[in-house]
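The values are calculated or read from the model by the stated rules, or taken from the named source; none is laboratory data. Because the structure is predicted, anything quoted here is derived from the model rather than measured. Note: ideal-geometry Cβ built from the backbone for every residue, glycine included; neighbour counts use all protein chains shown. Surface areas here come from the heavy atoms of the whole protein model, side chains and all, with no ligands, DNA or RNA. Shrake-Rupley method; radii C 1.70, N 1.55, O 1.52, S 1.80 Å.
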Amino acid sequence: MSPGPRLVVLDEADAVADHAAAHIVGKLAPKPDLVLGLPTGETPRGIYARLAGAYRTGEVSFARASSFNLDEYQGLPPDHPASYHAYMREMLFRYVDIDPARTHLPDGLASDATAEGRRYEKAIAEAGGIGLMVLGIGGNGHIGFNEPGSPFDSRTRAVRLTEATREANRRSFPEGETVPEFAITMGIATILEAREILLVATGPAKAEALAAALAGPETLRCPASVLRRHPAVTIVCDTAAAAGIRLRA
Ligand code: F6R
């Protein structure tokens, strides 16, 4: 039996970003060829800013690291401002010495999503598997874009986004543009194969999902609940996101 996720609760989002960035630097510095799994979204912005700072001050180098992002919208070209390709360039890649050839995201324009999923899985395997997978969590408990109901043995594939997820992500899209209905995401099995997982959650909108993930039953209805199967999960969150766990405890 694994001891279950290690939970770190901090006062506020800034402290969460400090802690998560220090965790990543602490893994990357002694293992410069670390393979990272990376999320996008609001939550990791502060983490990426701190990683860029750690690179600037010479604390860490990404020169030998590789990265695989969790997901990308289907139909968005890499230069679309709301694409996750653009997000990663703007939030992290342009500020650090990572080799662009070793940064990977699913191709949202791939005409055959099944083949793209296979290609992505093969690339992860060829890189030696993901060493440290960083995750956010959706208000509905999704990890990556594995929405409620996603099979626990799922692999990288095309998925339909829920209305709740599209609504939550609308803020990243230019006025008048619709949020894509589909995305390509690593599967739950892909995520679980990472050697270590760091999940980050901030704000009251994550409280219910986090409580369900940690204290509810393991269920397809809350994809993050599967993380309790993994032997090396750290969850870093603020008190607002942890509020539901306390209520249940
Ligand atoms: C993004 C991803 C998603 C987000 C989640 C939380 O690449 O995989 O699972 O981590 O939707 O998003 P934010 O941080 O915007 O609340």
Quick shape summary for the range 187-249, equivalent ellipsoid via Cα gyration tensor, semi-axes whole Å in descending order, reads 20, 13, 10
Quick one: if you take sqrt(5λ) for each eigenvalue of the C-alpha gyration tensor of the range 101-249, what semi-axes come out, biggest first, whole angstrom? 25, 20, 13
Counting helices only, and only those DSSP H runs with n ≥ 4, report the 222 nm mean residue ellipticity of the chain as the sum of -39,500 (n - 2.57) divided by its residues, in deg cm²/dmol to the nearest 500. -9500 deg cm²/dmol
Can you list the trypsin sites (Lys or Arg not before Pro) in the range 66-173 that are in a DSSP coil and have 11 or fewer other beta carbons within 10 angstrom? none
Per residue, how much space in cubic angstrom lies within the convex hull of the C-alpha atoms of the range 1-137? 130
Can you tell me the equivalent ellipsoid semi-axes for the range 96-143? Use √(5λ) from the Cα gyration tensor, largest first, whole Å. 20, 18, 12
Gyration tensor (alpha-carbon) shape descriptor, the chain, a/c threshold 1.5: rounded
Amide H of HIS104 versus every other amide H placed in the peptide plane: which residues, excluding those fewer than 5 positions away on the same chain, fall under 5 Å? SER67, PHE68, ASN69
Kindly sort LYS31, LYS206 by accessible area of their heavy atoms, largest first, with the probe set to 1.4 Å. LYS31, LYS206
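Just want to confirm a number: the relative contact order over the chain, from Cα pairs under 8 angstrom separated by 6+ residues, in percent.
Relative contact order, the chain: 26 percent.
If you wrap a convex hull around the alpha carbons of the range 1-57, what volume per residue comes out, as a whole number of Å³?
119
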Using 0.36 nm times the number of residues separating ALA164 and ARG6, minus their current alpha carbon distance, what extension gain do you get? 54.0 nm
On the accessible surface of the chain, probed at 1.4 Å, how many percent belong to carbon and sulfur atoms? 53
Averaged per residue, the 1.4 Å probe accessible area of the chain, protein heavy atoms only, in Å², is roughly 44
Note the full-extension length gain between ALA63 and ALA22 as 0.36 nm times their separation in residues minus their Cα-Cα distance, in nm to one decimal. 13.0 nm
Using alpha-carbon positions, what is the distance between the centroids of the range 166-187 and the range 30-59, in Å? 24
